[in-house]
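Note sheet for the following structure.
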Amino acid sequence: MASRASLAHRLYTGELSYDFVGKRTFWYKFSGVLLVLCLAVTLIRGLNLSIDFTGGSEFTVPTQVTATTVDDYRKVAQDTGLPDLGEVRVNTIGDGQVRIQTRALNAEEINQMTAALAQRAGLDTAEVTNNLIGSSWGEQITRQGLIALVVFLVLVAIMIWAYFRNWKMSVAALVALAHDLIVVIGVYALLQFTFSPASLIGTLTILGYSLYDTVVVFDRVRDNTRAMTQGNKTLGQLVNQAVNQVLIRSLNTTIIGVLPVAALLFAGTFILGTGPLMDLGLALFVGMVAGAYSSIFLAAPLFVDLRSRDADMVEHEAHLKRRTSRKTGRAPATRAADADGEDAGEAVTVAPVGTAVPVSGASVVDPRTLGAVRPDQVARHQPRSTTRSQRRKDH
C-alpha cells in the first residue's frame, strides 16, 4: 500500500489548500484592527527610548563579571536614593567591565553615584568613569535611522519592480513592510521594552527578512501566472495556489529563524534582565513572525486586488464566466417518443455529396442542407423513389 502523500506535497499539488485570497477581506480587517491598536498604544504610552536617544549619564566600572553582577549594580544605583532616577540600565562589557546608564544627573548626583559604585567594586572613585550623553546624539541617531529606512524602502521598490517587471508587486511588498514596522513599534510601546540603537538595528534587519519572504511568494506567483490567459483559472485561483505551494517553506524558514532569536530574547529578558540582547531579540522575534504573516496574508491578496483591475484581467475573467455559463446552460439532447412510449425517431446519416440516396433504411440528409433541417423534419420518412413500370404494377 502506497504511503500517504506528505502535507507539503498535497499543498503543492492543490489536493489540500486554504483559500487565502478568497478570505482576504477577513485578514484585511484583522490586520487593520491590529495596526490601529499598535498605533493607539504607541501614541498613548509612547516608546521607552534609551539614553542614546534622550540623553543621560553613563558610568563604567572595572570589575570581575559574575552571574549576579548586573543585579548587584542595579541595586546599588537604585539604593542611592536619587530622585526620579527612573529605569537603570545595567549591562556588562566583556568579562571585566559593567556599564550603568541613568537619566541625566547634575554634578552632585554624579559624585554620589560614582562613590556608591566605587564602594561596591572596592575601587577608588577615580577609577569609575562617567560620561554625559546629550540629546543631540540621540537626534543624530534618529535622523540617520530614518534616512536608512527611506533609502531601504526606495531600493526595495526599485528592486522588486526590476525583478518582476510589475510595479503592483512593489506596492504590495511596501504595504507588507509598513505593516511589520508598525507592529514591531507597537509591541515595544505595549511592553515598554527600551528602544535602543540595538532595537533600531533589529527593526531594519527584520524588514529585510520580511522582504525575502515576500519575494519567495511573488516568485511562485509569477511562475503560476505566466500563461494565465491561456488557461481556465482566474488570477485569484493561481495566486492562492502559489501561496499554498510555498506555505510549508515559509513556515519552516520562520520556525528555524525564530528559535535562536527566541533563545536570545529569553537570555536577555530573564537572565541578563536588560541590555542589547533584550532589545535586539524582541525586534527580531516580533518582526520575523509579522513578516511571515504579512507576506502570505497581505502581500499576495493585495497584489490580486491591484492586478485584477487591469483590462486584460477583466477580459480574462469575463471570458471564463462566459465559458462557464455556456457549459452550465447547455441542455442534454432529447428524443421524441410516440404514444406507446417507444422511440419514434430514426437515426440520421449524413451522406457525402453526390452519393445516391438509398431506397430504404435510415433517412439521409445532404450535408449542404444539414443546417436548414429542423429536428421535426429529420424524423419524418422521405418518399420512396420508384420507376414508371413499378408504379404500373402497383396499380
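The values are calculated or read from the model by the stated rules, or taken from the named source; none is laboratory data. Remember, predicted model here, so these are calculated numbers, not experimental data. Virtual Cβ from ideal backbone geometry, glycine too; neighbours counted across all protein chains shown.
Quick check: anything in the range 107-124 out of contact with any Asp or Glu (no Cβ under 9 Å at 6 or more places or on another chain), farther than 19 Å from residue 267 by Cα and hydroxyl-bearing (Ser, Thr, Tyr)?
Of all residues in the range 107-124, those out of contact with any Asp or Glu (no Cβ under 9 Å at 6 or more places or on another chain) come to 107-115, 117, 119, 122-124.
Still in the list and also farther than 19 Å from residue 267 by Cα: 107-115, 117, 119, 122-124.
Now narrow it down to the ones that are hydroxyl-bearing (Ser, Thr, Tyr): 114.
Yes, the range 107-124 contains at least one residue that is out of contact with any Asp or Glu (no Cβ under 9 Å at 6 or more places or on another chain), farther than 19 Å from residue 267 by Cα and hydroxyl-bearing (Ser, Thr, Tyr).
So residue 71 fits all but one of (1) within 21 Å of residue 55 (Cβ to Cβ); (2) modelled with pLDDT under 85; what number is the exception?
The number of the failed condition is (1).
Return yes when residue 36 is out of contact with any Phe, Trp or Tyr (no Cβ under 7 Å at 6 or more places or on another chain), in a helix (DSSP H, G or I) and outside the structural domain of residue 188 (by TED's automatic domain parsing) and no when it is not.
Numbers: out of contact with any Phe, Trp or Tyr (no Cβ under 7 Å at 6 or more places or on another chain): yes; in a helix (DSSP H, G or I): yes; outside the structural domain of residue 188 (by TED's automatic domain parsing): no.
So residue 36 fails the test.
Where residues in the range 281-313 are without any contact (Cβ under 8 Å) to a residue 24 or more places away in the chain and assigned to a helix (DSSP H, G or I), which of them is nearest to residue 194 (Cα to Cα)?
293
Those residues that are exposed (fewer than 14 other Cβ atoms within 10 Å of the Cβ) and part of a helix (DSSP H, G or I), I need them from the range 143-188; list them, please.
143, 144, 146, 147, 148, 150, 151, 154, 155, 158, 162, 167, listed by residue number.
In the list 101, 97, which residue meets the criterion of being touching a Pro at 6+ places or on another chain (Cβ under 9 Å) and either surrounded by 14 or more Cβ atoms within 10 Å (Cβ to Cβ) or in the same structural domain as residue 122 (by TED's automatic domain parsing) (or both)?
97
Out of all the residues in the range 83-97, is one or more closer than 30 Å to residue 304 by Cα and modelled with pLDDT of 85 or more?
No, there is no match, as no residue in the range 83-97 is closer than 30 Å to residue 304 by Cα and modelled with pLDDT of 85 or more.
Return the residue satisfying two criteria in turn: it lies in the range 104-130 and is touching a Phe, Trp or Tyr at 6+ places or on another chain (Cβ under 8 Å) and closer than 11 Å to residue 59 by Cα, and of such residues it is surrounded by the fewest Cβ atoms within 10 Å (Cβ to Cβ).
Going residue by residue through the range 104-130, those that are touching a Phe, Trp or Tyr at 6+ places or on another chain (Cβ under 8 Å) are 113-114, 117, 120, 128-130.
Among the residues that remain, those that are also closer than 11 Å to residue 59 by Cα are: 113-114, 117, 128-130.
On the way: 113: 23, 114: 20, 117: 24, 128: 22, 129: 13, 130: 17.
The residue in question is 129.
Do we find that residue 72 is closer than 24 Å to residue 184 by Cα, surrounded by 13 or more Cβ atoms within 10 Å (Cβ to Cβ) and acidic (Asp, Glu) in this structure?
Considered against the rule, which asks whether it is closer than 24 Å to residue 184 by Cα, surrounded by 13 or more Cβ atoms within 10 Å (Cβ to Cβ) and acidic (Asp, Glu), residue 72 comes out as no.
Looking at 47, 82, 37, which is the one that is more than 24 Å from residue 268 (Cα to Cα) and in contact (Cβ under 8 Å) with a residue 40 or more places away in the chain?
That would be 37, the only listed residue that is more than 24 Å from residue 268 (Cα to Cα) and in contact (Cβ under 8 Å) with a residue 40 or more places away in the chain.
Keeping to the range 116-134, report how many residues are assigned to a helix (DSSP H, G or I) and either β-branched (Val, Ile, Thr) or out of contact with any Ser or Thr (no Cβ under 6 Å at 6 or more places or on another chain) (or both).
6
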